[in-house]
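Asks: Okay, handing you the structure first.
The values are calculated or read from the model by the stated rules, or taken from the named source; none is laboratory data. Because the structure is predicted, anything quoted here is derived from the model rather than measured. Cβ placement follows ideal geometry from the backbone for every residue including glycine, while neighbour counts extend to all protein chains displayed.
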Amino acid sequence: MDNNTQQEMNIFQVMERIGQSIKKFFCLILSSLGRVAQLAYKYKYLFLVFVALIVALCVYQRRDNAKMYRAQMHILINDGDLFTYDNMLKQLSEYPKRHDVEGLAEEMNISAELASKIYSFQCYHVIDINHDSIMDYVDYKNDIKLGDTSNVIVPNRAVICAKLNDPNYCEDIQKSLIAYFSNNPYLASLNIARLSSLEEREWMFHNALLNLDSLQKIELTKGPSYSMEFASQKDRDKPFLTTKRQPYYQEMKTLFDINENIAVDMSCNLEVATVVSNMQLEYKLDNPTWKIILYTTLLGLILFTIIAGIWEHKKDIVKYLENKEK
């Protein structure tokens, strides 16, 4: 009983301390706001100057060519690996950071107008949690590493995000990115080898199909004893793979499954990367108005408080510096 009472007392003490900490925190915020209000009243002209600067900076950041939109597309990687694509996108993002529009236009083989619309590129990994080859989510935080065994990164899938200042250029940026990947010499050589291998596999499929067809015809001519294995005469007349009683059924089914995969690759995956879902624009801005106003106002108030505080205590600061020099 004493232990339970002691535990209850400890819980109440912890809750009381938490409440006191929260109260002190809010009191500190209110006292800081009060101090800023005192300085604003005392140095009203300086405060008005900062208000004008904050408004001007907000308007400047909300101009059309400073708006930032996010658009993303999902790709299937046919040649190369995730590291290669991630590294290529990081290299492209260096050009906008240096304000090198012409360099980005030359690297991606696009117009300078389109290059001026791009802020950055980012490659996100697709995660398979249950190790069942089913995509579970996209690692937008980029906190899953390639060596992590608890969350498997799907090796042939990626989500590419582009930041741009004009929502009307998603399709152009998508085409330019796929062309940029396809023109890479390393990826292009892998693509040639892969397509050549697919053609050889297709040729081998047709040869194997002809061989199985010949073997099937031989089996069908073995005589009445074999023909009795069919349920009826109708089964004999059915085309391939319509009944499991047909000879070499499993082998034929395996061949047709392989051929289906080859046909898909030959028709859909001719490029080094295939677009699974087109580049879609997010409906919200990446730098919304409320965020710009909040951050700009906080920065302006902090700078005003520092400058006003220095001006208010300038005599003490001068005396301190003079004493230090002596």
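Let's see how each residue does on (1) touching a residue at least 40 places away in the same chain (Cβ under 8 Å); (2) farther than 30 Å from residue 270 by Cα; (3) assigned by TED's automatic domain parsing to the domain that holds residue 120:
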residue	(1), (2), (3)
11	no, yes, no
17	no, yes, no
36	yes, yes, no
71	yes, no, yes
74	yes, no, yes
78	yes, no, yes
91	no, no, yes
101	no, yes, yes
106	no, no, yes
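Asks: Going by what's in this entry, would residue 70 be described as surrounded by 12 or more Cβ atoms within 10 Å (Cβ to Cβ), at pLDDT 80 or above and not aromatic (Phe, Trp, Tyr)?
Replies: Yes, satisfied.
Asks: Would you please list the contacts, defined by Cβ atoms under 7 Å and residues six or more apart or on different chains, that run from a residue in region 126-139 that is at positive phi to a residue that is at pLDDT below 85?
Replies: So the pair list comes out as 131/152.
Asks: Being part of a helix (DSSP H, G or I), surrounded by 11 or more Cβ atoms within 10 Å (Cβ to Cβ) and either touching a strand residue (DSSP E or B) at 6+ places or on another chain (Cβ under 8 Å) or at pLDDT 80 or above (or both) narrows it down to one residue among 48, 39, 28; which is it? Please lay out each step first, then the result.
Replies: Numbers: 39 fails: either touching a strand residue (DSSP E or B) at 6+ places or on another chain (Cβ under 8 Å) or at pLDDT 80 or above (or both); 28 fails: surrounded by 11 or more Cβ atoms within 10 Å (Cβ to Cβ).
Answer to the check: 48.
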